[in-house]
Amino acid sequence: KELRKILNNNYKNFNEFNYKLNSLNPYDIEKLVELIFTAAGYKLEDKNHYDREGGDADLVFSKNFEIISDFLDDKNLYQLYIQVKKKLGKDSNEFEGIEQLEKITSTIDSENTFYSKILVSTSTFSEKVQREAKRKNIILIDGKELVKLIIKYL
């Protein structure tokens with residue numbers, strides 16, 4: 001209910017929207033990200049995927065490659081592992097999402113699966129996190145990019 005209210009209001013600027021977005025609980029932020037990716041044509045495969053050893057992905061999606069997937073046995077050829085962080089202001093543990101994504105995908109590297117790791121935050125990312133994410137092939141979606149995705153897909 002609260003999520004619908006936020007999406008239906010016209011906010012004057014990003015800061016106002018981001019403040020309202022951060023008033024949601026973490027589950028609702030994850031649900032919002034889920035809605036964006038399903039609207040973009042991805043299939044939700046799993047939620048709260050964790051390995052009990054520090055690896056975690058809040059959402060796991062798959063998407064078939066057009067034409068090619070018709071000739072393959074594995075229909076979930078391309079997967080997205082997404083970690084969602086609700087943060088307002090400076091994140092004192094900003095590397096946590098990167099570490100969680102690295103650990104949860106470490107076992108699938110040998111399976112020859114195509115996948116991407118995505119870290120979504122309602123806040124911003126420091127330069128250190130941006131460098132580390134780039135080094136580890138993790139896509140970062142900050143609060144401003146999240147707002148753009150909401151506008152585009154919802």
Per DSSP, the loop-located GluC sites (Glu not before Pro) within the stretch 18-54 having at most 16 other beta carbons within 10 Å are Glu53
Flagged as over-length at 25 Å C-alpha distance, from Lys103/Lys134; Lys47/Lys87; Lys47/Lys103; Lys85/Lys144; Lys20/Lys43, the pairs are Lys20/Lys43
Using a 1.4 Å probe on heavy atoms of the protein chains only, the accessible area for Val60 in Å², nearest 10, reads 10 Å²
Output for the stretch 93-148: trypsin sites (Lys or Arg not before Pro) sitting in coil per DSSP, at most 15 other Cβ within 10 Å, listed by number, reads Lys136
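The values are calculated or read from the model by the stated rules, or taken from the named source; none is laboratory data. This one's a predicted model, so the numbers in the text were calculated from it and none came from an experiment. Note that each Cβ is placed from the backbone with ideal geometry, even for glycine, and that neighbours are counted across all protein chains shown. With ligands, DNA and RNA removed, areas are computed over all heavy atoms of the protein, side chains included. Shrake-Rupley method; radii C 1.70, N 1.55, O 1.52, S 1.80 Å.
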